[in-house]
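The values are calculated or read from the model by the stated rules, or taken from the named source; none is laboratory data. Everything quoted here is computed from the prediction, not taken from an experiment. Counting neighbours? That spans all protein chains shown, and the Cβs are built from the backbone with ideal geometry, glycine included.
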Amino acid sequence: MSSLLKRILITLALAAVPLILGLLLTYQIIHIDWVSFMEIQPSFQAMEDPLPVPPRSVPIQGIAYVPGAGSPDDPIPADQASLDRGKTLYDLNCSLCHGSQGKGDGPVAAELIRKPPDLTSDRIRAYSDGDTFLIITNGVNPGAGVKGGMPALRENLSVGERWDVVNYLRSLQP
C-alpha cells in the first residue's frame, strides 16, 4: 500500500473518531424526530369512547348479539375449562370492584360513588345469561350528569371471554 493512501486513511480515521463520539454524546440534545404519520390517523384518546363499528361488519369472533333482538343465548357450555377461564378473567377485570366472591366488597368498592352490586343476590340472579352478557359488554351507565357506573368491557374481553365470565358468575351464585 502506498504511503499516500496510508496517510489519507489515517487522517480520515482521526477525523471520524471525534465526529462519531460527538454524535454519541449529543444524541439526547440533538434529537431528530422521525417522520411519522400516526398523528393523522383516526384514533381515540384514553377514556374516550371507541370508534364506531363500520356498518354491516361482523366481528372476527362472529356475531355476539343483534341489537334490538332481545337478550342473546349463551353459546359456550359451562364446563370446567370455561369456568377456569372465567375465574381468571373475573379476577383480572371484575374482582377489584365486585370482590373475589362477587359480594360487591372489592378493594376499590369503598372508593366508588356508586357501589357495585352483590352478584350473588336474588336481583342479579334473576337476570338471564344474555342480560348479564350485555351488561358486561355495554357496562352500566347511570345516565347523563350522574357519576359512577360500570365501564363497558367489550374492548377488554372478546365475545367468548365475556361468556366465560357469565358462566363463572353463575357458579358463584347459590
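Among the listed residues 104, 143, 130, which satisfies the condition of being outside any helix (DSSP H, G or I), modelled with pLDDT under 90 and touching an Asp or Glu at 6+ places or on another chain (Cβ under 8 Å)?
One residue alone meets the criteria, 104.
Which of (1) buried (at least 17 other Cβ atoms within 10 Å of the Cβ); (2) under 20 Å from residue 85 (Cβ atoms) does residue 150 not meet, given it meets every other one?
(2)
Within the stretch 91-101, track down each residue that is assigned to a loop (DSSP other than H, G, I, E, B) and either in contact with a His (Cβ under 9 Å, 6 or more places away or on another chain) or free of Cβ contacts under 8 Å to residues at least 40 places away in the same chain (or both).
99, 100
Look through 88, 137 and report the one residue that is at pLDDT below 90, under 20 Å from residue 151 (Cα atoms) and assigned to a helix (DSSP H, G or I).
Exactly one of 88, 137 is at pLDDT below 90, under 20 Å from residue 151 (Cα atoms) and assigned to a helix (DSSP H, G or I), namely 137.
May I ask you to say which residue of 118, 74 is in contact with an Asp or Glu (Cβ under 7 Å, 6 or more places away or on another chain) and assigned to a loop (DSSP other than H, G, I, E, B)?
None of the others qualify; the one that does is 74.
Hey, can you tell me all the residues within the stretch 84-101 that are out of contact with any Asp or Glu (no Cβ under 7 Å at 6 or more places or on another chain), charged (D, E, K, R) and surrounded by 18 or more Cβ atoms within 10 Å (Cβ to Cβ)?
Residue satisfying the conditions is 87 alone.
Can you tell which of 117, 151 is touching a His at 6+ places or on another chain (Cβ under 9 Å) and within 22 Å of residue 71 (Cα to Cα)?
Going through 117, 151 in turn, the sole match is 117.
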